[in-house]
Amino acid sequence: MSQDLIAAKRYAKALFDVARESDRVAQVEQELGKVIAVLNENPDLFKLIKHPGIEADVKIGLIKQIFDADVSEVVINTLKLLIQRRREETLEAFAKAYSKIASDALGQASATVYTPVELSEAELGTIAETFGKLTGKQIRVESVLDKGLLGGIQVRIGDRLYDGSLAGKLERLHKTLNQSQAL
């Protein structure tokens, strides 16, 4: 694990502890998501924030100017700390680490659903409910269109992949047939 990732997780844990004390875990997660979304939508701004040749005070001024109205003081102060400690490169990893810690604490998990066709909100709701029962967590579903799938569905929750795709079923059938022939 890289030093940047380790540092990102430490900062995320520290922010989580502060957010939990003030009962704002979900709010801080949303605010971090908003910050990362704005930075990703404006790649030049993100490059500027990450650039090692630009003074920390200039970067902090930009962060305050852009996010002060939409983001709580605790998030601004954490971003300030990351910049002062030259950890700007870890912003995305930091936000992901915080999201994971917060989701675990709130009994939530994110699922990415891969399908060859667009799913309705009702179908996504059914998937969330089914996998919620399976994992014991409240599932947030993100749908991804994957034209490479012949049919069926794949669901990724964390590091685990639930493969109900046609290709996955054929592969399992192939393995089963090969095993039965070996006997």
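What follows draws every value from the coordinates through simple rules; no lab data is involved. Note that the coordinates shown come from a computational prediction; the quantities given were computed from them, not determined experimentally. Glycine also receives a Cβ, built like all others from the backbone with ideal geometry; neighbour counts cover every protein chain displayed.
Close amide H pairs (under 5 Å, H built 1.01 Å from N) link residue 140 with 109, 110, 111, residues at least 5 positions away or on another chain.
Cross-linked pairs 34/133; 100/169; 137/169; 96/137; 9/50; 13/47: Cα-Cα separations exceed 22 Å for 34/133; 100/169; 137/169; 13/47.
For region 3-104, the share of alpha carbon pairs falling in successive 5 Å distance bins from zero is 2, 14, 26, 27, 20, 8, 2, 0 percent.
Computed from point charges on the beta carbon alone (+1 for Lys and Arg, -1 for Asp and Glu), the dipole magnitude for the chain about its Cα centre is near 660 Debye.
Report the paramagnetic label zone for residue 89: residues of region 1-21 whose backbone N is under 15 Å from a point 7 Å from Cα along the Cα-to-Cβ axis. What the label zone holds, given the 15 Å backbone N cut-off, is 1-9.
Calculate the FRET efficiency for residue 121 and residue 5 from the Cβ-Cβ distance with a Förster distance of 35 Å, rounded to the nearest 0.05.
For R0 = 35 Å, the calculated efficiency reads 0.50.
Placing dummy labels 7 Å off each Cα toward the beta-carbon, the span from residue 55 to residue 175 is 6.0 nm. A simple rule links phi to the HN-Hα coupling: the Karplus curve 6.51 cos²θ - 1.76 cosθ + 1.60 with θ = phi - 60°, which for region 110-115 gives 9, 10, 9, 9, 9, 9 Hz, with x for Gly and Pro.
Size descriptors for region 89-151, from the alpha-carbon set: Rg then Dmax equal 13.9, 39 Å. In the chain, helices alone account for a calculated mean residue ellipticity at 222 nm of -20500 deg cm²/dmol, with every DSSP H run of four or more residues adding -39,500 (n - 2.57). When the Cα convex hull of the chain is projected onto planes of every orientation, the mean area is 14.3 nm².
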